[in-house]
Structure formats: structure tokens, C-alpha cells
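Comments concern the structure below.
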Amino acid sequence: MTPSAFWQQVRWVFTKDLRVEVRGGVTLRMATPFAALALLLAPLATGTDTALLRRIGPGMLWLVVILFGMTVTLRSGAREPGPVRDLLTLSGLDPAAGFLGRSLASAVLLFGVTLVLTPLMIVLYAPEGRPGWGWLALLAVAGVMALGLLGSLVATLVTGLRERTALGPLLAIPLAVPVLLATARGTDSAISQQGSLSWLLLLVAMNLALVIVGVLLAGPMDETTR
Amino acid sequence: MSDQPLVRLVDVGFSASGSVILRGVGLMVEAGEIVGISGPNGAGKTTLLRLLATLLRPTSGGGTVLGVDTGARPQDLVRVRRQIALVGHFPALWPELTLRENVNLPAGLRHGPADGDPLRAVGLAGVAGLKAAHASLGMQRRVEFARLLAWTPRLLLLDEPHAGLDEAAAPLVDHLVARVTDRDGAVVMVSHDRNRAGSLLTRRLSVTAGTVVEAPA
């Protein structure tokens, strides 16, 4: 397959997944409002200790994004029932292109979630902060891309297993801990007007590693989980 | 064109989760043939179709499908898979997408936009904007047939193609089968509907407890 044909397939899967997700409305109608509610409730539980809220805010933001985001990204693998997977295979879809397309679609959806949640976190947890919005945006892009890749990878691994609904999050969330650390620390630095370059580079390295592992595993996993 | 059969399976077996589903299957399908498969539920008919589609690999024995070894690497099977169509027992549709999108999207992946309006040809032009989730089984089946009007596979595999179809739609199956065989392709069809499928077949096979035998015409 030529590189051009490969990237056309990536774009095809990306467009199709986004369309299906927007029509289904799970991210817009369920995950985002519940994630926002979770961010709203935490300050009520901890009280008005502004120093404490300022400390936990970045961690809470990314914890919520990961917990609710994983439900979105893991759906991408579970969404395709057997007959549709067969159709895609017989249509010549390269499993690696499918993996990248699904990951990108999940990342875009999660970026939408962070667009809502990040300003909410600033208002609720660090209203006096002067965030570096550029750093926050870069961290969000790198963070959601890593989560999209991780979610698609785990969804591929558990496809075909009877216990995939429970196994998916149990496998994905521990693997997302490095992403949680990097995004939360990086966001903390950005809110404090410090550079977040080292955290950003760490996320970029994670993304590269996940792309390599995902692309290499996509084909064999697609064959063995059929 | 090659004299090689489109399908040649030799002593093929398939097991999954410790259960033997198919054993000792020998099967040749030549260009122009329409092979019917019957047998009781759970006998292994659908597994046989998925083996022919190269979606499953034999766990014993081997052979070729469209000239490529059934145990070939996935990257070597891509070219062959693109010449195979499988219309399974359960429709391969995205429920959130419209009927038109369910025709056009896979076409974009395989060969580009379809010429004309395949949905009109299967009598669904008036409901092209309906979500697949809201369509009846018969309408979903017609959508799958509409996809097949946009291109012609060399090997067409049908699993109960008449299920859910009304009388008016039944000739669609005949039309699709004829398109394939007219272009030196072959059709393998699982069907319990002897009245509708029987007249199409050039040969009958029976699958019983995982073994395949020639059945009387």
C-alpha cells in the first residue's frame, strides 16, 4: 500500500468514527456533562481551602479527563461488531490505518472535553492563577493524543474477549498513570506561569512510543482477535 | 485467464476454544459455479464461509483462495480479500449512520464513490436518509446488496441471503449472483430456503457435524 493510500484510510476511519460518535452523542450528552459535574463536586467535598484546591486542581482535571475519556476511547474498539469488522477487513482496511484513525478521532473528542473542563478547573480551583494558555493548549493536545492512542491500543487488545467491558478500563487506566502525571504536573507548571517543556516532551515521547507499539501490534492483534 | 479453481481446500480443519468445528474439509469451487451449503444449526456452515473469506485460518490442512495460500501473511491476503464479498447472517451496518452513508462509506474505502444510485436500484431511494438502526432487517439486507451493485467480487459468499427479504426483493439475490458468475466469479451460498435458492445452484453441499459432503441435487 502506498503512503498516500494509507493516509487516505486513516482519514476515512477518522471521519467515520467522528460521524458515528457525534450521531451517538455519548461524548457530548453524557461524558462531558458528567465530567464537568465531577469537577464541580470536588471543591464541595474539600471545602474552601483555596491553597488545597489550587494544589489538587490540575490533578483533578486530568483524573476526570482520563476516567471519563477512557469510556469514550474504549468505545471506539467496542463499537464495531463482528460483521462490520469483517466488512472493513474485506474492504482492504490496513489495521494500522484503522488504529491511527480511531486514535485521532478519540483524541479530537477528548480535546473537546478538555476545552470545556480546563477553563472550568481554572475558575473553580485556581481563580487567582494566570495560566499560560499556550502551554495548556499544547499539553491538552499531547495529553489527549496519548489517551486516544492508549484507549485504541487497549480496545484492540481486548476486542473479542467476553470480559472486555471490565478488562478495558482495568488495563487502560493503570497504563494511563504516566500520562496523568505528565499532564497534571505540566498543567500545574502552566498555571504557575512556569514553562512546561519537560512535561510536554515527555508526552511527545509517550505518543511516539504508543504510535510505534500500536502500529506494530494492530495487524497481529486484528488477526488473533477475530 | 487461469484454470486454477477459485477455491481449493484440502483436508481443512478448524477448532476454536477446544471444540472441533470443521474437520477434513475438501472443497473445490470453479469459476462460474454457484455452490449451495445446507446443514443443521451449529454444523459449521458460517465457519466454512469465514474460512473461504480468509477471515479465519484453518487450524489443520490448507489450500488456496483466489490463488493465495489460506495460511498466508495478512499483508499478502489484502489483495485477495478485496476481491471477496461476504454478506453474513447479521447485517454489517453502522446503526448511527444513514442507509446512504452505509453504502457510500465502505465504497470510499474500497473503490471510490459508487456510480449512479445503488439505493434506488434496491428500492430504498425514498428512505436513504433513515438511520440504519431504524431500518427493518429486510431493508438492512437490501443496503448490503446495494453495496454489491457498486462493484463485482470474484468470490461472493452469502449466508442466508433471503432471510428477511420480501417477495419483491428476492430477485435481487438472483441478479447479484448472475453478475458474479457472468464475470468468471463464483458464489457460495448458505441457505435453508430451498424454494428460492434451489434454482440458482449448480452444486449442493451438506455440512453435518463439521464434515462437508456432496448432497443430492
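Values in this text are rule-based calculations from the coordinates and carry no lab data. Quick caveat, the model's predicted, so the values are computed rather than measured. Heads up, the Cβs are rebuilt from the backbone with ideal geometry, glycines too, and the neighbour counts pull from every protein chain shown.
Worth a mention:
- The charge dipole of region A:139-226, taken about its Cα centre with unit charges on the Cβ atoms of Lys, Arg (+1), Asp and Glu (-1) only, comes to about 80 debye.
- Peptide B:50-59 has a mean of 2 when you count, residue by residue, the C-beta atoms of other protein chains within 10 Å of its C-beta.
- In region B:67-207, the DSSP beta bridges split such that about 10 percent are antiparallel, to the nearest 5.
- Counting other Cβ atoms within 10 Å as a rough exposure proxy, the listed residues A:Val123, B:Val20, B:Val180 run A:Val123, B:Val20, B:Val180 from fewest neighbours to most.
- Electrostatic bookkeeping for B:Phe14 treats Lys and Arg as +1 and Asp and Glu as -1; over the other residues with beta carbon under 10 Å from its beta carbon, the sum is +3.
- Charge dipole (debye, nearest 20) of region B:1-94; +1 at Cβ of Lys and Arg, -1 at Cβ of Asp and Glu: 320 debye
- Against the main long axis of the alpha-carbon atoms of chain A, helix A:197-224 sits at an angle near 20°.
- Centre separation in Å (Cα based) which lies between region B:123-188 and region A:117-160: 44 Å
- Across chain A, Cα-Cα distances exceeding 26 Å account for 36% of all pairs.
- For the residues of B:85-95, the average number of beta carbons from a partner chain within 10 Å of their own beta carbon is 5.
- Total charge dipole magnitude, region B:169-217, about the Cα centre, Cβ charges on Lys, Arg, Asp, Glu only, Debye to nearest 20: 60 debye
- Between B:Val143, B:Val78, B:Val29, the GNM of chain B built on Cα springs shorter than 10 angstrom shows B:Val78 fluctuating the most.
- Think of region A:69-226 as having a plus end and a minus end, set by charges on the Cβ of Lys, Arg, Asp and Glu; of A:Gly151, A:Thr165, A:Asn207, A:Thr165 sits farthest toward the positive end of this dipole.
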